[in-house]
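Undergrad: First, the structure itself, so that you have it in front of you.
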Amino acid sequence: MLLVRSILIAFSLCADCFAVSLCSSLSLRSVRGRTVAMVALCFAVIQTALLGLGWAFGYLFVGLLSSIAKFIGAALLIYVSAGMLREGICGQTEGRDLNGFRNVVLGGVATSIDALAVGCSQSLSGVPFNEVLPLLVSVFAVTLLSVLLGIGLGSRVGTRFGRPAVIAGGAVLLAIAAIILLQGLGLL
């Protein structure tokens, strides 16, 4: 039962990783195996690390995290989606895509704030490390696979539909950010 629970949590945490990798990969300059593996590995490491940090520091940051985590995540997604919309509408590409380590890390962090909060909740619920370890492994594996799938699908869409697909991807990420903000404000 612990493994099933861990896998279900992993799938819920990596849904936004899949969405960001799918949308952001529309303009990925290089869809070589090495580039895709680097992006997926970076997302998986960041997601897993923030989950672990959340668990380790849950008692210290729970009050602060619960009040601002959604806003940080939404702000990062707004930044990413604004760049996508700018690229799609005006043809400007700087700062939005998964080209470059800085952009990959930004995307990874934007999609992993919720993992930090989940880690904190695990800690505060008294979940011992031996029960968190399967969750960490599950999150790493599922995130890695979801990003690989997202980039694979997104790059195919990008070659067929180009700028309209980038605009649609930016709009989707902006909608996700709006939902996160509404939830953070208690309006949803």
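The values are calculated or read from the model by the stated rules, or taken from the named source; none is laboratory data. Nothing here was measured: the structure is a model prediction, and the numbers come from that model. So basically every Cβ, Gly included, is an ideal-geometry build from the backbone, and we count neighbours across all protein chains shown. Quick note on the areas: whole protein, heavy atoms, side chains included, nothing else; ligands and nucleic acids left out. Shrake-Rupley method; radii C 1.70, N 1.55, O 1.52, S 1.80 Å.
Undergrad: So, in nm, how far is label Ala141 from label Phe129 when the simple model puts each one 7 Å beyond its Cα toward the Cβ?
TA: Placing both labels 7 Å along Cα→Cβ, they lie 2.2 nm apart.
Undergrad: Could you sort Asp114, Asp16 by accessible area so the largest value comes first, with the probe set to 1.4 Å? Spell out each step's value before the answer.
TA: Details: Asp114 55, Asp16 35 Å².
Final ranking, largest accessible area leading: Asp114, Asp16.
Undergrad: Let me ask something else. What ranking do 35-41, 144-150 get when scored by the average of other Cβ atoms within 10 Å per residue, highest first? Walk me through the intermediate numbers first.
TA: Working: 35-41: 18.7, 144-150: 22.0.
Ranked by mean Cβ neighbours within 10 Å, highest first: 144-150, 35-41.
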